[in-house]
Amino acid sequence: AKASGYFSLLKQALRGEEMDYTQGSIRKAVIMLAIPMMLEMTMESLFALVDAYFVGGLGKAAVATVGLTESVLSIIYSIAIGISMAATTVVARRIGEKDPYGASRAAMQALYLSFAFSVLVSIVGLIYSREILGIMGADKEMIASGHGYTKIALAGNLVIVLLFLINGIFRGAGEGSLAMRRLWLANILNIFLCPLCIYGLDLGLPGAAIATTIGRGVGVVYQLYHLCSGKKLIRLTWHHVKPELDTIL
């Protein structure tokens, strides 16, 4: 009976059944939030693994370029996770206060902060992709053949940051399973698009970055649809568009 109860809880977490996390068992609330988050982080790591697997046919230099670029992107991941945690905290507090409007307003300000950070990284990536690979220890051959991958990956960092951020917003609102489902969608697209772009369209190493960016981008579109559709606790409308510096800070 105990095992059956845990299995039922697992199914509820995966289905994303709505519940008031301020009421009832804290243990159940933690499990309901933790299961989607664990699966989400597992699937997030698949992007780099898929890229490395499919570019393996392009040679060791291509695989090394993916590894070096992912090392740089990990810095972006850490900042994105930090902003995401801040958004989760503020949104969760507003939801606990039964203030979904305030939660939506905080979510919009977090989006502004993420966008500003992403634009800065994109500019640096577009201009200095060769220098970044050089700093990471790449030789001339790797820089010549791989700077296009690095440039696309860094220029498209907005989708990475938004994925982390909007997932954090949904988690703060108790919608962790929605964040998990968008990663399923993004990873499935990436698995199909990587070989198509690299070998089918003969784009080579940059094709891997294009495929991953498209996969993540579709995931972001999926997230934004739910943020603006009005079917969840968090709903972004024109009333939330005005920037609020105090909230951003």
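The values are calculated or read from the model by the stated rules, or taken from the named source; none is laboratory data. Predicted model only: the values in this text are computed from it and were never measured. Every residue, glycine as well, gets a Cβ built from its backbone with ideal geometry; the counts of neighbours run over all protein chains shown. Ligands, DNA and RNA are stripped out before the accessible areas are found, and what is left, the full protein with its side chains, is counted by its heavy atoms. Shrake-Rupley method; radii C 1.70, N 1.55, O 1.52, S 1.80 Å.
Probe radius 1.4 Å, ligands and nucleic acids ignored: give me the carbon and sulfur share of the accessible area of the range 170-249 as a rounded percent. Mind showing how you got there, number by number?
Numbers: 2760 of 3940 Å².
Carbon and sulfur together cover 70 percent of it.
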- Classified through the alpha carbon gyration tensor (a ≥ b ≥ c as square roots of its eigenvalues; rounded if a/c is under 1.5, else prolate when a/b is larger than b/c, else oblate), the range 154-211 comes out oblate
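Rounded if a/c is under 1.5, else prolate if a/b beats b/c, else oblate: with a ≥ b ≥ c from the C-alpha gyration tensor eigenvalues square-rooted, which is the range 170-247?
Prolate, because a/c is 1.5 or more and a/b exceeds b/c.
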- Across the chain, qualifying lysine pairs (alpha carbons under 28 Å, at least 8 places apart or different chains) come out at 17
- Task: Just report the Cα centroid separation between the range 69-121 and the range 181-210, whole Å.
- Result: 27
- Exposed-loop-free span, longest in the chain, where trypsin sites (Lys or Arg not before Pro) count as exposed if DSSP calls them loop and at most 11 other C-beta atoms lie within 10 Å: 99-230
- Can you work out the base-10 log of I(q)/I(0) for the range 49-127 at q = 0.14, 0.20 1/Å, using the Debye formula on its C-alpha atoms alone? -0.64, -0.89
- Express the relative contact order of the range 42-107 as a whole percentage, based on alpha carbon pairs under 8 Å and six or more residues apart in sequence. 19
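Grab the eigenvalues of the alpha-carbon gyration tensor for the range 112-211, scale each by 5, take roots, and send me the semi-axes largest first in whole angstrom. Walk me through the numbers on the way to the answer.
Details: eigenvalues 158, 77, 17 Å².
Gyration-tensor ellipsoid for the range 112-211: 28, 20, 9 Å.
Can you figure out the FRET efficiency of TRP238 with SER71, using R₀ = 51 Å and their beta-carbon distance, to the nearest 0.05?
Details: r = 40 Å, r/R0 = 0.79.
Efficiency at R0 = 51 Å is approximately 0.80.
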- Item | Volume in Å³ per residue [convex hull over Cα atoms, computed for the chain] | 136
- Item | Residue-normalised accessible area of the chain, expressed per residue, 1.4 Å probe, Å² | 51
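Averaging sequence separations of C-alpha pairs under 8 Å and six or more residues apart, then dividing by the length of the chain, give the relative contact order as a whole percent.
Working: 318 pairs, mean separation 65.7, N = 249.
Worked out over the chain, it gives 26 percent.
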- Item | 0 to 90° range, to nearest 10: angle between helix 26-44 axis and the chain longest Cα axis | 20
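Calculate, in nm to one decimal, what GLN23 and SER122 gain on full extension: separation in residues at 0.36 nm each, minus their alpha carbon distance.
Values: separation 99, 0.36 × 99 = 35.64 nm, distance 4.29 nm.
Using 0.36 nm per residue and subtracting the Cα-Cα distance, I get 31.3 nm.
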